[in-house]
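These notes concern the structure reproduced below.
The values are calculated or read from the model by the stated rules, or taken from the named source; none is laboratory data. A quick note: this is a predicted structure, and the numbers were derived from the prediction, not measured. Cβ atoms come from the backbone with ideal geometry, glycine included; neighbour counts cover every protein chain shown.
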Protein chains: 2
Amino acid sequence: MSTDSEPLEVWCAGSDWCPITTTATLIGKKWHPVVIHRLLENGPLGFNALKEEVDGISAKVQTDVLEDLEEHGFVDRTVVSEKPFRVEYSLTDRGQSLEPVIIAMRDWGREHLTAPADQ
Amino acid sequence: MSTDSEPLEVWCAGSDWCPITTTATLIGKKWHPVVIHRLLENGPLGFNALKEEVDGISAKVQTDVLEDLEEHGFVDRTVVSEKPFRVEYSLTDRGQSLEPVIIAMRDWGREHLTAPADQ
DNA sequence: CTGTATCCACAACGATACTG
DNA sequence: CAGTATCGTTGTGGATACAG
């Protein structure tokens, strides 16, 4: 089912294991879910294209987030061309498997939060 | 549908509004989802009973988390008795509305993570 | 275009000890 | 039982400028 070679046990170090805490540790940050969501919706994206989709993230933070997601096998970084240097970020199978979680968050936010502009 | 008096717009200050980021800001921490989950499953709980259910959290962090969840209207704190001092934490309607998100996280963790003890 | 380099501020987490 | 009080460490995010 998974094309990833890294074992999942690596993520789970610690004495107090719990699927929720561990999941929260992996993607429970301000920007991680949005980055994953944009890659889910808009397919492979370059660094700045992704940055525009995410909207509001700084270059440094986006770099940090992408590195973290890559380390954990959620995101794939591919150099598309060297001359005009181009890169593409995409989700791995493992990254795509997070869709239900991301969608649940999005749906909850849509239903229970109100955008400030609408005021 | 909601018994809460506080408007939801308060949470959404900021120029770059997005339902996912905002939701992530509210509950995207290491312990918040677990605390909510335990209250969902095991109903109203006292401080130490909750602490045992969560398993691994320190008293100080649990206090911080509960205060934050209370501030945002997810959790209700009720003093049950004064003589033997007793308190009960329970979810508000708004807190219960997070169930799909929490369950999605739990299910993902169960399916994609492995407990270290099982090795 | 794709990032790095700094530097900073503050939030989150953790361990231990102690209190009403 | 239900927390507080400290203190320290690490994480997370943010602004700005600069570089290959």
- Note on the structure: From the option list B:G95, B:G43, B:G56, single residue qualifying as in contact with a Ser or Thr (Cβ under 9 Å, 6 or more places away or on another chain) and farther than 20 Å from A:W17 by Cβ is B:G43
- Query: For A:R77, which of the numbered conditions (1) touching a helix residue (DSSP H, G or I) at 6+ places or on another chain (Cβ under 7 Å); (2) under 17 Å from B:A24 (Cβ atoms) fails to hold?
  - Reply: (2)
- Taking the residues in the stretch A:1-30 that are more than 7 Å from chain B (Cβ to nearest Cβ) and at pLDDT 70 or above as candidates, determine which candidate is surrounded by the most Cβ atoms within 10 Å (Cβ to Cβ). A:I27
